[in-house]
């Protein structure tokens, strides 16, 4: 599934980037956690749209993604910015490197409890003591169409017709690919991050006005 996700985003990179031209307005309140002079890691940066989120702030920004094509788009859109192709499960940075890590709509693409735990552990490793992890994931449990998809994959799992784990689904992108998604609950995300030694600073859900989709957000301190 890790390989599939990378291949899928390389395949849809141009289409995907065209729909990700700005930062969600609902994320604006998270900007209060970014301070002047912060060293920022954008973990799963895609086309680099989160730079708008940091506009006007004097920060040291690095964006990473495992999709080579999305990184190429980011470099074209934002020349002179440090974008790198890398694996979120094996980050090429020393311990205690960053003041803040932003990871928007990424963790739900990571398959298995073990890999999701490794994702959080790796983020913690490269955060400085006292550094903040800012994460959002999709909350598919609120929308009836998504809920029906979750139930369908539950039934397929019970019948032995899918190798996906429970709470995992495939969500189509414009009839081109079926993207892997882990359907987080609020308590699951909270426990995952809390149990790995973070202090939870803020936590909740927000609904996007544009799409009416729900997302879970979490801010945690190392």
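Using only Cα atoms and rounding to the nearest 10 degrees, what angle (0 to 90) does helix 2-11 make with the longest principal axis of the chain?
Helix 2-11 sits roughly 80 degrees off the main axis of the chain.
FRET efficiency for residue 96 and residue 118, Cβ-Cβ distance as r, R0 = 22 Å, nearest 0.05?
0.75
Could you order peptides 12-19, 47-54 by the average number of other Cβ atoms within 10 Å of their residues, highest first?
Going from most to least packed, we get 47-54, 12-19.
Would you work out if the range 73-129 is rounded, prolate or oblate? Take a ≥ b ≥ c from the square roots of the eigenvalues of the alpha-carbon gyration tensor; rounded if a/c is under 1.5, else prolate when a/b is larger than b/c, oblate otherwise.
Oblate is the answer for the range 73-129, as a/c is 1.5 or above yet b/c matches or exceeds a/b.
Can you tell which of 160, 130, 46 shows the greatest fluctuation in a Gaussian network model of the chain with Cα springs below 10 Å?
In this elastic network of the chain, the residue with the biggest mean-square fluctuation among 160, 130, 46 is 160.
Out of all DSSP beta bridges with both ends in the range 50-187, state the antiparallel percent to the nearest 5.
40
At a 10 Å Cβ-Cβ cut-off, how would you order 114, 168, fewest neighbours first?
Ordered from fewest to most neighbouring Cβ atoms within 10 Å, 114, 168 come out as 114, 168.
What's the angle, to the nearest 10 degrees (0 to 90), between helix 113-126's Cα axis and the longest principal axis of the chain?
Taking the Cα atoms of the chain, the angle to 113-126 is about 0 degrees.
Kindly provide the helix-only [θ] at 222 nm of the chain, computed as the sum of -39,500 (n - 2.57) over DSSP H runs of four or more divided by all residues, to the nearest 500 deg cm²/dmol?
After summing the helix terms and dividing by the residues of the chain, the value is -9000 deg cm²/dmol.
Have a look at 40, 134, 200 and tell me which one the Gaussian network model of the chain (Cα, springs below 10 Å) gives the largest fluctuation.
Of 40, 134, 200, the most mobile in the Gaussian network model is 200.
By how many nm would the segment from residue 35 to residue 87 grow when fully extended, if each residue of separation counts as 0.36 nm and the alpha-carbon distance is taken off?
Result for the pair: 16.1 nm of gain on full extension.
State the Cα centre-to-centre distance between the range 72-94 and the range 161-183 in whole Å.
After rounding, the separation between the Cα centres reads 26 Å.
Using Cα atoms only, what is the angle between the long axis of helix 68-77 and the major principal axis of the chain, expressed in degrees (0 to 90) to the nearest 10?
That works out to roughly 40 degrees.
Each value in this text was obtained by applying a stated rule to the coordinates, not by laboratory testing. This is a predicted model, so every value here is computed, not measured. A quick note on method: Cβ atoms are made from the backbone with ideal geometry, for glycine too, and the neighbour counts reach across all protein chains shown.
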